[in-house]
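The values are calculated or read from the model by the stated rules, or taken from the named source; none is laboratory data. Every value quoted in this text rests on a predicted model; they were computed, and no experiment measured them. All Cβ positions, glycine included, derive from the backbone under ideal geometry; neighbour counts span all protein chains shown. When the accessible area is computed, the model is the full protein with side chains, heavy atoms only, and any ligands, DNA or RNA have been set aside. Shrake-Rupley method; radii C 1.70, N 1.55, O 1.52, S 1.80 Å.
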Amino acid sequence: MSGHRQKLQDEQERRDERSPVNLSFSGKRFGEVLMEAGVITAEDLAKALETQRETGKRLGEALVMLEVATEADIVDALSEQLGIAKFDAVVVATIDPEVVLAIPEQMARHHGALAVAQKGDELTVAMSNPLDLVAIDDLRVVTKCDISIQVGLASDIEHAISEAYRSAKADQDLEEVIEGARVELGIRDSSGIDELSEQELRDRAEEAPIVRLVNLILGQGIAERATDIHIEPLENKLVVRYRVDGILYDSAMPPKRFHEAIVVRIKILSEMDVAERRVPLDGRFTARFEDRDVDVRVSTLPTVYGEKVAMRLLHKAGTVVTLAELGLEEDAQEIFRRALKFPYGMILISGPTGSGKSTTLYAGMSELDRVARNITTVEDPVEYHLNRVNQVNVNRKAGMTFSSGLRSILRQDPDIIMVGEIRDLETAELAIRSALTGHLVLSTVHANDAPATATRLVDIGIERYLVTSAVHLVMAQRLVRRVCPYCKAPYEPDPKAVMALVGSGHKRATFYKGEGCKQCKGRGFLGRTGIFEMLEIDAELSQLIMDGAPAAVLRQAALDAGFETLKENAARKALNGITTVEEALGVSTEMM
C-alpha cells in the first residue's frame, strides 16, 4: 500500500475512533477486520480508500459502492471493531412505546436512530452509523440520558423506526382516548336498574373518544393485514385480537368499561339495533383506509360477559391473483383451465370458511374471455371487482338471495355464471339446470374433500344422474401459511411429523422455516398459499356416483387413477420449502 493511501486510512481510523464512552475498540482497523473476515482484499481496500478520497464518503460506504462488501458485512465489521451489539430488527414488536418516544420521531428519522431499551439513565439506541458523534450528542442532550449504541443495517433501522413509531403512536392514541373519555355506559340486565334509552346509547357511543377508539382498532387491523377482528369481553378485561394469516394474535386491551360503548359504536356503523343485546345480530359497513375501501362484515354474539363482536375485513379494491399465485402447480393449473374451456357444465370448489374458495373462482374467471362472453355473478358480498363482469350483491333484506338472484340472471342471456355459494336445494336446482342448458357454472359448497364434494349436491337433494351430467370438476382447498422468504432457513422438524407427512421416502429432504424478521414481525410466516386436490369427473366416477357409492369408494377409485390428495399436495409444498411440516400437517383431518 502506498504511503499516501496508508496516511488516508490512518487519518480515517483516527477520525472514526473519536467515539462515545460506551464503545470499546478492538484495536483493529476497520479495513483489517474486513480483510481478516475474508470479505475484501488489500486491493479492494486500496480502491475503496481512493474512492473515499474522491467522494468524501465513509470507508464502509465506499466499499459498498464498489460492490466488494455488503451493508451486512459493514455492520458485522463495525460490531467487531467497536465492541458493540448488532441491532436485531425482530425486537421492534417488543420495544416499550415509552422508550421509543424518548427520541422525537423527526430526530429519529433525521439521525437514523431508534431507542430500543432503557435501563436507568442509560438509553440504548440503534444506529447505522455508530460513529456519528454529532447525532449522539444531540440524542444525549434531548433524552438527558447516557447513550449506548447498537449498530444495524440502515434499511433495517429505517423500517424499524416506521414500525416502532406507528405502534407507539397507536398506544399513545389509545391512552389519550382512554384519558379523554368520560363514557361509562353502565348498561345493566334485568337487575332492576333502568337501562339507558336507545338515543342515550347512540349519543354516548358517538362521543369523539369512542369514535377514535373504534377507528384505531379498525385501522390497526387493516394495517396488520388482518382478515378478522375479534372484540372479546372477559370477566375483568376486554381483549382485541386480529387474525393474520389464519392465526389470532392479541393486540390492544382497552379497559372493560369501554366495552359497551365500542359495541354500540360498531352497531351504529353496521345499522344494527343498538338496544338489542340478547340475540346475535349481523350487519356490515364500508371503511376507508389509505384510499382503499374495505368492506366490513359484522357479527355480534351475546356471551356471559357481554356481546362479542367479530368483524371480517374484505378489501374491495384488491387485485385478483393468478392461478400460479394461488399456489396451484402447473399440472393442477392445466386441469383447471381444461374445465374452464367447457361451454357448459359445473365447476365446484369446497373448503371451510376463509379457505380462499372465492379467490380461486375469481382467479379462474380472470382467465376467461370477458369480451365475447357474458359473465354474471351473484355473491355475498362482491369481494373483487372484475372488468366486463356483471356482479350482483346478495341483499336478503331486499329479497335478493342466491336463488332469486340466479333466477334473474338466467333472464340476462349469460354464458358463464358464478354463484357465490350453493347452500340450499332451490339454488342447487337452478345451478344444475343452468349447467345443463348451455351455461358454465362456477360455485362453492361446503364439503371436507373433493370426493365428498362430488356427492354434496346429491346430499342436498339433486338426482344423481343430474349431478353426473352437469359436474366436470370438483376441487377441495385449504390455506397454509407461507414461510417468510426474508428469513427462510433450513431446520430439522420432528421426525415423527416428517414421517406422518411424507413417509420414509424423503429422509434426506431439507425443510425450511422462518426465523423471524422485520418483514414478518418475528412470526416466521408471511402470507398464505393454497393446498388443493382436484378431481375430474370421468366415466368411471360418474358410474360410481350413479350407483350411490360413498365418498370413500370414490376416493379410492380416484387414487387408483393418480389423484393427488390434500395431504400429498401439502407434502409437496413442504418439500419445496414453501411451508413448514407442521403447517402442512394441519391442512386436513386426514393427517391427524
Between Val142 and Asn393, what's the calculated FRET efficiency when r is the beta-carbon distance and R0 is 60 Å? Round to 0.05.
0.65
Calculate the FRET efficiency for Glu235 and Met499 from the Cβ-Cβ distance with a Förster distance of 35 Å, rounded to the nearest 0.05.
0.20
Between Ala154 and Glu325, the two model label points (7 Å from Cα along the beta-carbon direction) sit apart by a distance in nm of 3.2
Given the whole protein assembly as supplied and a 1.4 Å probe, what does the accessible area of Thr286 come to in Å², nearest 10?
70
With each pseudo-label sitting 7 Å past Cα toward Cβ, what's the Glu32-Glu367 distance in nm, one decimal?
6.2
Can you figure out the FRET efficiency of Leu559 with Arg257, using R₀ = 51 Å and their beta-carbon distance, to the nearest 0.05?
0.30
What is the percent carbon and sulfur in the accessible area of the chain, measuring with a 1.4 Å probe over the protein chains and ignoring ligands?
47
Take the residue pairs Lys57/Lys488; Lys86/Lys521; Lys518/Lys567; Lys357/Lys513; Lys496/Lys567 and return only those whose Cα atoms are more than 22 Å apart.
Lys57/Lys488; Lys518/Lys567; Lys357/Lys513
For Cα pairs less than 8 Å apart in space and 6+ apart in sequence, what is the mean separation divided by the residue count of region 441-592, i.e. the relative contact order in percent?
30
What do you get for the angle between helix 551-560 and the principal long axis of the chain? Use alpha-carbon atoms, 0 to 90 degrees, nearest ten.
60
Taking Cα atoms, how many degrees apart are the long axis of helix 42-55 and the longest axis of the chain, rounded to 10 and kept between 0 and 90?
90
